[in-house]
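Comments concern the structure below.
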């Protein structure tokens, strides 16, 4: 249940805005959203969705009204290089972007499956023992002080032992 468009004359950034609106929606909801959106990308996605629905019903013998938009990708294609004339015979470059769009429809996940996974994750969680860190902090600071204190004392003791001999 796929449909794709290649080298569509719309910038990927502009198409991505509409793709975010319908990604993960059911097919009737997506049709409703696209009909009421006043953008060029909405018309392109509307035609693509109709094509995917036709592919689902004709090729896969599925009911498209029970499907969900599983995957919707908008990728950057090549760009046209054009120029705008400027003063003194110069040309300001202008790029006109194209897009590759791919849509995949799939069966809607049942809420029973989601509930069973939630229950399994809750039973897997076990209570965690809390460790108090207040006792550890003074011990680490005393260790650092004791190492500092022992270093000069060992050097003093070595010098005092050398003078005694």
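Where a number appears in this text, it was derived from the coordinates with a stated rule and is not lab data. Only a predicted model underlies this, so the values are computations on that prediction, with no experimental measurement involved. Cβ sites come from the backbone with ideal geometry, for glycine too, and all protein chains shown count toward neighbours.
Being part of a strand (DSSP E or B) and exposed (fewer than 13 other Cβ atoms within 10 Å of the Cβ) is the filter here; which residues of segment 54-74 pass it?
71
If you scan segment 76-112, which residues turn out to be within 22 Å of the chain's Cα centre (by Cα) and within 12 Å of residue 7 (Cβ to Cβ)?
Matches in segment 76-112: 76, 77, 99, 100, 101.
Specify the residue that is nearest to residue 105 (Cα to Cα); the eligible residues are those in segment 19-49 that are under 17 Å from the mean Cα position of the chain (by Cα) and part of a helix (DSSP H, G or I).
Filtering segment 19-49 for residues that are under 17 Å from the mean Cα position of the chain (by Cα) and part of a helix (DSSP H, G or I), the one nearest to residue 105 (Cα to Cα) comes out as 22.
Within the bounds of segment 7-18, is there any residue that is farther than 15 Å from residue 98 by Cβ, free of Cβ contacts under 8 Å to residues at least 24 places away in the same chain, assigned to a helix (DSSP H, G or I) and touching a helix residue (DSSP H, G or I) at 6+ places or on another chain (Cβ under 8 Å)?
No - not one qualifying residue is present in segment 7-18.
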